[in-house]
Structure formats: structure tokens, C-alpha cells
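One structure is given below, encoded as C-alpha cells.
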Amino acid sequence: MAVFNVHDYVERRLPLQCCAHRGLSGLFPENTLLSFTKAIAIGVDLIEFDVRLSKDKKLVVIHDARVDRTTDGSGRVSDLTVHELRALNAGWGETIPTFEEVIDELGGRIGMNIHMKISGKAVDLAIQHCRKAGILDNVFFAIEPFNEIKRIRETYPNVHVCSLFRQDDYLEAAQQLNVRILQPVIFDTYFTKEWVDQAHQAGCVCGVFYADTVSNIVYCQRLGADAILTNYSNTFLQILRS
């Protein structure tokens, strides 16, 4: 199977894409190499993961600002060094991976929806590492702050960004930012067939957050979604690709 290509995605040349939210996180510890490799093994198109910054300014893969929910430790990610973070049990004996570790081990094998929980130089560092690894055609960066999206689009015009800025008119703001990848929330009131059609007419693609049940997956498909984020990629694949 060909590796996900972000250019083909934004041009809507791909079938409905299966995006493993934090890996195969419904069955394995989220945002771990185990969760990612299990998702890849069953045939997903992309993995989604979250990036934060440790106390010693290293990029690490974890969703929450604190380690309490997903590990056996406690405290803020930004108050712990990468060594301290790596010493924690993230479930099943897994560790919190570094960004470099994920890119070096999995880059080029799978598409990546990289959710940047931080702004500024850390985002530049992530982009530079992906460029060095030669995988910018296989990844996009999901960013929320309006000004940070604007900065990245202006500084790196060839890097694809998914806009998570939904405070105003979501589609209108994305067009202002020259962004073509959207991640609508499944139960937000604007998310309708008409809105998806409008987004497509504007040259955008929609990767829905998120659908785990059969009914929700089929619902997103019927609305014309281009990708679905899911914690249960196995369910998605059984329904739509069996």
C-alpha cells in the first residue's frame, strides 16, 4: 500500500482515509510506539499524535499538559526533563516517546497528522526534523492559534497545516489563513452535508474528529468526510474496507 501523500489528500484524490487517533488508542496505550505500530499493522492510512515540550526543550509525544492521566507519574510535562518523562510507565510498560523517535522509526511508513500543542520555535524544530527525514510529503501539522497558523503558512509555504482555529467562522478563517485541511468536530452544529460541500467547493478537505461507533463512522462517510479520526481503527477498517 502506498504511503499517504498529503498533496493527493488535499486534492481529494484519495478514498476516505482512516486516521488512527493517538494510534490504535482504543486497544493500546495512547501516543505510544506500541499504539502506533499496532495501527500501522492493521492498515491505517495515518496516525495522529500530539507534541509537547519537556523542561529541557525536547519534543515529546503526549496529549495532556500533565502526565497524570496517561502515566504512573504526576506533574506538568513542561516541568519534567525528557529523562524524567522517559522513566514513566505510559501503560503496558511503554514509555513516552520523543518526537524524533517517532519520526525516525515510523517516518516514511505511514502518514502523520501531527497535533502541535505548543507554538513558536518548537514547531519550527518539528518541521525541520520532518524535512531532514524527507517526509514532508507524508505529514501535516495541526495547529490551533490563529497567529501561529499564519506564521507557519508564511514561513513554510510548502508545509501543509490543518487549522484547528474554530473560534470564528471555521471555513472563512481557514480561507483567510490559506489553509486547505480542516478537522471539524462531529457533533458541532456547523458540521452538515451542506458545510462539507461548501468546504470542498472552497478547495478544503475535512478530517472529522472523531468517530468510534459504526453509526458515527457511517454518518461521517455519508456527509462526505475525507478522513475520520478514530480510536478504533479496526472498526473503521472492518466497516469500510472488509
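The values are calculated or read from the model by the stated rules, or taken from the named source; none is laboratory data. These figures come from a predicted structure and were not determined experimentally. Heads up, the Cβs are rebuilt from the backbone with ideal geometry, glycines too, and the neighbour counts pull from every protein chain shown.
Computed quantities for the displayed model
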| quantity | calculated |
| --- | --- |
| Answer from Arg131, Arg153 - the residue that is more than 21 Å from Ala2 (Cα to Cα) and over 17 Å from the mean Cα position of the chain (by Cα) | Arg153 |
| Region 132-141, residues that are touching a residue at least 60 places away in the same chain (Cβ under 8 Å) and touching a strand residue (DSSP E or B) at 6+ places or on another chain (Cβ under 8 Å) | Asn138, Val139, Phe140 |
| Selected residue (only one of Ile149, Ile143 is in contact with a helix residue (DSSP H, G or I) (Cβ under 8 Å, 6 or more places away or on another chain) and either under 24 Å from Ala39 (Cβ atoms) or crowded, with 19+ Cβ neighbours inside 10 Å (or both)) | Ile143 |
| Condition broken by Gly23, with the remaining ones in (1) over 25 Å from Leu237 (Cα atoms); (2) assigned to a loop (DSSP other than H, G, I, E, B) satisfied | (1) |
| Matching option when the condition is within 17 Å of His115 (Cβ to Cβ), in contact with a Cys (Cβ under 6 Å, 6 or more places away or on another chain) and either at pLDDT 95 or above or buried (at least 21 other Cβ atoms within 10 Å of the Cβ) (or both), among Val44, Val60, Val51 | Val44 |
| Close pairs (8 angstrom Cβ cut-off, 6 or more residues apart or separate chains): at positive phi in region 48-65, small (Gly, Ala, Ser) anywhere | Lys57/Ala122 |
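To keep it simple, each residue is scored yes or no on (1) farther than 19 Å from Ser25 by Cα; (2) without any contact (Cβ under 8 Å) to a residue 24 or more places away in the chain; (3) crowded, with 18+ Cβ neighbours inside 10 Å; (4) of a type in the set (Asp, Glu).
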| residue | (1), (2), (3), (4) |
| --- | --- |
| Asp79 | yes, no, no, yes |
| Ala87 | yes, yes, no, no |
| Ile96 | no, no, yes, no |
| Asp104 | yes, no, no, yes |
| Ile118 | yes, no, yes, no |
